[in-house]
Amino acid sequence: MSDNYLSSEILLEILHRLPVKSLVKFTSVCRAWNSLITDRTFISDHLNRRLIQASNGHNGYLFFQFFLDINLRWLEPPREYVYSLYSTTNQQTDHHFSVERFPLPCLSFQPDHCARFGGTCNGLVSSAYYSASSGSITFLIWNPLLRKYVVLPKPLMTRNRHVYTQCFGLGFDSRNNDYKVVVLMPFFSRQHTDHLEVCSLVSRSWRSITIIVPKFHLEDGCSPPVFVNGAMHWVIRRMKDGSIQRSILSFDVTEETFGELTLPLQSNEKSNTTTTLLVVEGGRWLAVVNHPRKGTGYLAHIWVMKEYGVTDSWTEILHCEARRYRGWLDVLALTSNGKGIMRRVDGAIVLVDPTNKELMEPMGDPKADASYAGFYVESLFFINKEFDALSF
């Protein structure tokens with residue numbers, strides 16, 4: 001095929017509008033197209049267009065994933081980790097999830113290993129694999145659409161679940177066009193200093209960063225942080241004047257500095273609820289969810305911060321009763337058209353429409369070892385050879 005009939009500007013405009021899977025195929029058309037599509041500038045421009053579309057409610061969709069339970073038996077030989085990916089578009093008429101299953105062959109199953117997700121960022125996914133016996137951790141960043149991944153080096157500090165909790169996530173450094181895995185480790189004991197490490201995808205190396213904030217505990221150490229407005233966010237709690245006070249700890253991925261945001265007032269008034277964070281509206285807004293620790297007869301309340309950093313901009317956008325949907329453990333995600341992805345007490349993951357009180361059919365495997373839902377857009381990252389990404 002020849003592109004002699006098209007100017008370079010028109011060709012770029014056409015290619016920028018195409019989905020990733022089509023662009024992957026077009027890398028085989030000719031050397032010129034391969035060089036163009038795998039160029040880092042083109043990859044960034046294509047992603048930025050997708051992010052703009054997603055923030056306007058078009059072509060963005062939620063990415064849903066499971067780490068499947070593989071029937072742990074001590075006498076069985078090692079097996080591969082298997083994932084299921086579920087996605088839904090933000091179109092008003094779309095009530096269905098697409099499903100794709102695939103193995104991740106870089107790691108074999110071991111009885112004392114467990115897997116956790118660290119969130120999504122610009123089409124990439126972060127995950128980690130822990131060894132209970134050795135305390136070692138293996139971090140991966142992968143592009144599920146391209147089926148490519150990289151393995152990061154071991155972090156500086158060995159995990160010790162008896163000394164500290166650990167939470168990790170993936171963020172984007174816009175100044176240096178670099179992705180960073182951030183690991184936060186608050187210690188249980190006041191005799192130890194809280195610890196944070198950052199690994200750059202470009203340098204493939206870890207660095208420790210001093211935490212200069214008052215002593216805190218993570219509200220939910222199992223939940224990954226939320227990446228919004230260039231910063232990681234965790235819900236933390238502290239004892240103040242004899243009562244527990246919650247707030248949001250932020251970490252600017254580019255400047256590598258800490259900040260703190262105030263939660264909606266109700267988040268500190270109800271002690272029997274758990275507060276978690278979500279990303280809504282194409283990654284533009286930070287959202288807070290209050291849901292019950294136990295029981296099925298409670299209301300879940302969701303607020304969004306419509307102007308980042310402004311406490312008065314917290315706005316409640318949704319509340320719905322858990323009992324109506326057989327009770328849930330947590331709200332995993334909220335689509336731009338108001339539907340919620342929720343994990344019920346029976347382990348099933350369901351898509352619900354609280355406005356119409358409609359319950360979609362449960363999806364996925366309720367016996368999954370870990371489940372995560374996060375904002376997702378298509379990305380060409382890892383299509384070139386710059387990061388020596390492996391295929392699976």
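The table below lists the values:
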| quantity | calculated |
| --- | --- |
| Members of the stretch 108-132 that are farther than 20 Å from MET185 by Cβ and at pLDDT below 80 | SER108, PHE109, GLN110, PRO111, ASP112 |
| Candidates VAL213, VAL202, VAL198 - the one that is in a loop (DSSP other than H, G, I, E, B), touching a strand residue (DSSP E or B) at 6+ places or on another chain (Cβ under 6 Å) and farther than 26 Å from GLU307 by Cβ | VAL202 |
| The one condition in (1) in a loop (DSSP other than H, G, I, E, B); (2) of a type outside the set (Lys, Arg); (3) modelled with pLDDT of 80 or more that GLY135 fails to fulfil | (3) |
| Matching residues, the stretch 220-261, being modelled with pLDDT under 85 and either within 17 Å of the chain's Cα centre (by Cα) or among the β-branched types (Val, Ile, Thr) (or both) | ASP220, GLY221, CYS222, SER223, ILE244 |
| Residues satisfying the stated conditions in the stretch 233-243, i.e. out of contact with any His (no Cβ under 7 Å at 6 or more places or on another chain) and farther than 17 Å from ARG116 by Cα | HIS233, VAL235, ARG238, MET239, LYS240, ASP241, GLY242, SER243 |
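The values are calculated or read from the model by the stated rules, or taken from the named source; none is laboratory data. These numbers were taken from a predicted model, which means no experiment stands behind them. FYI the Cβ positions are ideal-geometry reconstructions off the backbone, even for glycines, and counts take in every protein chain you see.
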